[in-house]
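Every number here is computed from the coordinates shown, using simple stated rules; none is lab data. Note that the structure is predicted; figures quoted are calculated from it, not measured.
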Amino acid sequence: MDLPKGVEWTAHALVVMHVAGDEQPVSSAGLARVFDLSPTYLNKHLQKLAGAGLVRSVAGANGGFCLAREAERISLHDVVCTLGSAKPLFRCSEIRCQGAFADQREQILARGLCSINRAMLQAEDAWRSSLRTTTIESLASAVDAAARTRMLQAAGLESTSKEKS
């Protein structure tokens, strides 16, 4: 499974926004500088997050992006669904009904889901459940004080801004 790079990039950007605090928007250029990312590409994804209500854009000379809701209410699943896909990752093509079994298609399908399809759906459900419980707050809590200061400085923000633990 390949997720778009934007999922990782914006998850890191959301952590930086949380560290910066609600009252201090972070410019897309500042967010890009923190991890040496493409500002244009990152901004495109931040706009998608804004459209999904995960971040809000603040206009003006000191504008940029802020979290649109509390960090504990934004999950990695939200990011994946906004930038990746909410569609199932595995699509069963009913191979079990082809070749030597083509003449038994109706009987095979009447038995229900293919066991491989069922296993894949269960694995994806476990993965998505884990993403739903992983919040920006929990990710930010793993960032130490020195890294927080470095993030804020790289983003062009005052190191005295409100830092969250």
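So what does the Cα-only Debye profile of segment 86-153 read at q = 0.15 Å⁻¹, as log10 I(q)/I(0), no solvent term? Debye output, listed in q order: -0.67. Kindly express, to the nearest 10 degrees and within the range 0 to 90, the angle between helix 5-20's C-alpha long axis and the longest C-alpha principal axis of the chain. Tilt relative to the chain: about 40 degrees. Axis of helix 39-51 versus longest Cα principal axis of the chain: the two differ by about 70°, to the nearest ten degrees.
Quick one: divide the alpha-carbon radius of gyration of the chain by 2.2 N^0.38 Å and tell me what you get.
1.36
Looking at the P(r) of segment 16-92, how many percent of alpha-carbon pairs lie beyond 22 Å? Above the 22 Å cut-off, segment 16-92 has 24 percent of its Cα pairs.
How many angstrom lie between the C-alpha centres of segment 49-64 and segment 133-151? Answer, in whole Å: 20.
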